[in-house]
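*Asks:* My questions will all concern the structure given below.
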Amino acid sequence: MAKKDETDMQQPMMVSSHDIHLDADYSEWIAEVKHRYRSAQVKAAVKVNAEKLLWNWQMGRDLVQKKAEERWGAGVVEQVSLDLQKEFPHVEGFSASNLWRMKQWFLFYSSEPEKLARGVRELQTREDQDDTKLARGVREIIQRPVGDFPLPFALVPWGQHIEIITRSESVEEAIFYVHQVIEKGLSRPALINCFKARLYETQGKITNNFPEHLPDLQSKLVQEVLKENYDFGFATVDHEIYEEKELEDALTENITNLLLEMGNGFAFMGKQKEIIVGGRSRKIDLLFYHVRLKCYIVCELKAKPFEPEYAGKLNFYVNAVDELVKQPDDNPTIGLLICSDMNKADVQWSFKGIQTPMGVATYNNIRIKDMLPTQEQLKERMELLRKEMQATKRLMQKTKED
């Protein structure tokens with residue numbers, strides 16, 4: 001039989017599907033094969049990145065601990081660069097500037113070892129709780145003895161590490177952005193945008209009662225997920241004065257943009273979700289499920305500043321979802337009230353006596369349709385701009401001739 005198979009393989013042929021019967025077992029098997037290969041690709045990529053980063057860390061550590069410049073002279077880093085490039089001519093990353101970055105990387109974190117250790121413990125705890133981030137096989141690759149190298153760093157590309165240490169003012173801030181890259185898979189440009197948006201300063205500042213009603217780690221995670229203010233610039237309402245229903249419709253008409261603004265991990269479960277308690281029908285404005293927090297998030301919208309009675313209504317809806325929707329393996333439901341403005345003292349007083357975890361945020365940048373230029377006005381502006389550019393061009397040409 002083996003000889004026949006070998007003979008068949010030697011015959012000229014066009015490879016195609018033929019003489020087979022594809023059933024459910026085949027579909028299941030081929031899906032498993034594809035999954036195994038993708039898993040192998042991920043493991044290989046993570047392992048390569050981990051090994052390179054470990055080498056970078058050890059290179060930076062050697063330059064610091066060996067006091068290389070004092071021992072061998074100010075140009076020792078350039079000499080190391082030349083020696084490495086001569087030995088490995090086809091390998092990138094051995095420039096003198098990159099070696100200096102390795103030293104800077106090690107120095108940045110090793111200057112505050114206690115803060116680094118605490119931050120790394122939090123990162124590892126978060127990743128252990130989130131099975132969607134790391135497959136078990138990937139964990140086995142990076143969680144092996146590597147000296148003083150922080151294991152979660154293996155999940156962050158080198159370019160992002162450089163951006164983090166050059167833009168962060170503290171180890172705590174740097175660890176925050178390391179976690180953002182791991183959780184959201186941020187590219188280098190996306191990470192830079194997070195710095196420009198001052199994400200570290202603004203995220204986690206939502207007015208809330210989470211520490212009182214959630215376990216410590218869950219409380220920190222929720223505060224990182226929810227924002228202090230939401231930019232609803234993608235939504236348009238008809239008039240400057242509008243009701244909650246119009247705001248809700250404007251947001252859900254652009255559900256993709258809404259989910260992007262809410263943040264990574266939000267799944268939209270619906271708007272005006274009806275619940276019946278005591279024979280009376282009530283409706284929740286927006287209901288989300290957060291896949292990483294593993295909990296429902298009840299979102300109430302208010303097109304006006306916060307009032308104390310809003311907290312009681314949100315508390316009612318959170319309790320209803322906990323009783324009627326939440327599954328045994330879900331974490332406690334979170335309440336999120338988004339209003340046009342608020343007084344933090346009012347919110348904090350309103351939270352007293354409430355046992356459900358809730359937060360209050362604001363929103364801005366809603367577009368008003370009446371204030372937007374019409375198509376004719378846009379054409380007029382474009383024509384005016386064109387004429388101004390032509391006039392400027394003529395003036396510059398005349399100046400050049402003179």
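The values are calculated or read from the model by the stated rules, or taken from the named source; none is laboratory data. None of the values given here were measured: they were computed from a predicted structure. Heads up: the accessible areas ignore ligands, DNA and RNA and are worked out on the full protein's heavy atoms, side chains in. Shrake-Rupley method; radii C 1.70, N 1.55, O 1.52, S 1.80 Å.
*Asks:* Can you give the calculated 222 nm mean residue ellipticity of the chain, where each DSSP H run of n ≥ 4 adds -39,500 (n - 2.57) and the sum is split over every residue, rounded to the nearest 500 deg cm²/dmol?
*Replies:* On the way: 18 runs with 226 residues, N = 402.
After summing the helix terms and dividing by residue count, I get -17500 deg cm²/dmol.
*Asks:* So what is the accessible area of the chain per residue, in Å², with the probe set to 1.4 Å?
*Replies:* On the way: 24290 Å² over 402 residues.
Per-residue accessible area for the chain comes out at 60 Å².
*Asks:* Shifting gears a bit: Among the lysines, select those whose C-alpha is under 27 Å from the C-alpha of LYS393, and discard any that sit fewer than 8 residues away in the same chain.
*Replies:* Within the straight-line limit of under 27 Å, LYS393 reaches these lysines: LYS379.
*Asks:* Also, quick follow-up: Show which lysines lie in cross-link reach of LYS245 when reach means a straight Cα distance below 18 angstrom and same-chain residues fewer than eight apart are skipped.
*Replies:* Correct list for LYS245: LYS271, LYS273, LYS283, LYS302, LYS304, LYS313, LYS369.
*Asks:* GNM on the chain, C-alpha springs below 10 Å: top fluctuator among ASP23, ASP148, ASP329?
*Replies:* ASP23
*Asks:* Sticking with this one: As a test of the definition: which semi-axes, in Å, follow for the range 225-335 when you take the square root of five times each eigenvalue of its alpha carbon gyration tensor? Largest first, please.
*Replies:* Working: eigenvalues 104, 67, 31 Å².
Those come to 23, 18, 13 Å.
*Asks:* Based on the inverse mean of 1/r over its pairs of different Cα atoms, what is the Kirkwood hydrodynamic radius of the chain, in Å?
*Replies:* Numbers: mean 1/r = 0.0380 Å⁻¹.
Roughly 26.3 Å, rounded to one decimal.
*Asks:* On to the next question. For the range 246-295, what is the Kirkwood hydrodynamic radius in Å, using each pair of distinct C-alpha atoms? Write down the numbers at each step before the final one.
*Replies:* Details: mean 1/r = 0.0834 Å⁻¹.
The Cα-based Kirkwood calculation yields 12.0 Å.
*Asks:* Which value, in Å³ per residue, describes the convex hull spanned by the Cα atoms of the range 144-211? Working shown, then result.
*Replies:* On the way: hull volume 8.4 nm³, N = 68.
Output value, Cα hull per residue: 123 Å³.
*Asks:* For the range 185-265, just say rounded, prolate or oblate: build the C-alpha gyration tensor, square-root its eigenvalues into a ≥ b ≥ c, call rounded for a/c under 1.5, and beyond that prolate if a/b exceeds b/c, oblate if not.
*Replies:* Working: a/c = 2.27, a/b = 1.36, b/c = 1.66.
Oblate.
*Asks:* OK, next. Ignoring any ligand, DNA or RNA, what whole percent of the accessible area of the chain comes from carbon and sulfur when the probe is 1.4 angstrom? Mind showing how you got there, number by number?
*Replies:* Working: 12830 of 24290 Å².
Of all accessible area on the chain, carbon and sulfur atoms account for 53 percent.
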